[in-house]
Amino acid sequence: AQKVTQAQTEISVVEKEDVTLDCVYETRDTTYYLFWYKQPPSGELVFLIRRNSFDEQNEISGRYSWNFQKSTSSFNFTITASQVVDSAVYFCALSLGGGSEKLVFGKGTKLTVNP
Amino acid sequence: DARVTQTPRHKVTEMGQEVTMRCQPILGHNTVFWYRQTMMQGLELLAYFRNRAPLDDSGMPKDRFSAEMPDATLATLKIQPSEPRDSAVYFCASGWTGGQFFGPGTRLTVL
């Protein structure tokens, strides 16, 4: 069975600080996919990234970056120079088939960025 | 800009009433999912379809929930009879290998 753990329930930072959201996963499968979603106060779930288990390269998209380390079963998400608009709940998820298989979600980390 | 659409966005009903939620997946996505989000359980899968065929509905209470996909542009989730513990946000998502994309959700309140 698959499991995703987001140990940080809530994080509060001041604008412009860097913040890292942790995600640890468990699976016995060698092929799997990891995702991050953002859920702002409006409630929708916004897709941020998908990474497959064979690609350990870190990824950067603007102020967002992701660090995938198979050795520690982690897929951490860093926001550089945080902004108030980054305030949201962030979910890490795992599937065995990209976007065409069910997602197993972590409990989420609520990030509050204060001005 | 392709999106998953869901109706209604909000639903308030009384215990015992039937509730039907609808979803239009993104054209070309072959897999459609229903998830439920509650404070206690977080995000959990209820059921999903591939090419309109049901693959897994083990997350649904079978006695009161049913999910169908009558055609490629419509998925439905029905609760009959509804109970207060069904109050939650119900998300539909559609996906392909490249990603899984969520609709805006239906916020259901059962009084």
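Magnitude of the charge dipole for the stretch B:5-111, about its Cα centre and with charges confined to Cβ atoms of Lys, Arg (+1) and Asp, Glu (-1), is about 220 debye.
Averaged over peptide B:43-51, the number of partner chain Cβ atoms lying within 10 Å of each residue's Cβ comes to 3. Based on the Kirkwood radius over alpha-carbon pairs, what is the Stokes-Einstein translational diffusion coefficient of chain B at 10 °C with 1.306 mPa s viscosity, in µm²/s? Value of D from the Cα-based Kirkwood radius: 115 µm²/s.
Remark on A:Gly99: its backbone amide H falls under 5 Å from those of B:Trp96, B:Thr97, B:Gly98, B:Gly99, a criterion applied only to residues 5 or more positions apart or on other chains, H modelled at 1.01 Å from N. Of A:Gln69, A:Gln57, A:Gln83, the residue with the greatest mean-square motion in the GNM of chain A, using alpha carbon springs below 10 Å, is A:Gln57. GNM remark for chain A: springs join alpha carbons under 10 Å apart, and the peak mean-square fluctuation among A:Phe105, A:Phe54, A:Phe91 falls on A:Phe54.
Using a cut-off of 10 Å between beta-carbons, work out the net charge of the residues near B:Tyr35 (Lys and Arg +1, Asp and Glu -1, B:Tyr35 not included). Net of charged neighbours comes to +1.
FRET efficiency for B:Lys78 and B:Leu111, Cβ-Cβ distance as r, R0 = 22 Å, nearest 0.05? Once rounded, the FRET efficiency stands at 0.75.
Here the calculated FRET efficiency for B:Met39 and A:Asp29, from their Cβ-Cβ distance with R0 = 35 Å, stands at 0.70, rounded to the nearest 0.05. Remark: the A:Asn114-A:Thr5 segment gains 36.7 nm on full extension, using 0.36 nm per residue and subtracting the alpha carbon distance. For the stretch A:8-115, the Kirkwood radius over C-alpha pairs fed into Stokes-Einstein at 25 °C and 0.890 mPa s yields D = 174 µm² per second. A straight chain from A:Ser74 to A:Val14 at 0.36 nm per residue would run longer than the Cα-Cα distance by 19.1 nm.
Counting only other residues whose beta carbon sits under 13 Å from that of A:Val4, what net charge do I get with K and R as +1, D and E as -1? With Lys, Arg at +1 and Asp, Glu at -1, the net is 0.
Mind running the shape call on the protein assembly as shown? Use the C-alpha gyration tensor, a ≥ b ≥ c as the square roots of the eigenvalues: rounded below 1.5 for a/c, prolate if a/b tops b/c, oblate otherwise. Verdict is prolate for the protein assembly as shown. What the Cβ-Cβ distance of B:Ser58 and A:Glu59 gives, at R0 = 45 Å and to the nearest 0.05, is a FRET efficiency of 0.85. Note on the protein assembly as shown: Lys pairs 8 or more places apart or on different chains, Cα atoms under 22 Å apart, count 17.
Distance between the C-alpha centres of the stretch B:43-86 and the stretch A:36-54: 23 Å, rounded to the whole angstrom. Subtracting the Cα-Cα distance of B:Thr7 and B:Ser87 from 0.36 nm times their residue separation leaves 27.2 nm of extension gain.
Sorting the segments B:24-36, B:61-73 by their mean number of nearby beta carbons within 10 angstrom, highest to lowest, gives B:24-36, B:61-73.
FYI, it's all coordinate maths here, none of it is from the lab. Everything quoted here is computed from the prediction, not taken from an experiment. In this analysis, Cβ positions are derived from the backbone assuming ideal geometry, glycine residues included, and neighbour counts consider all displayed protein chains.
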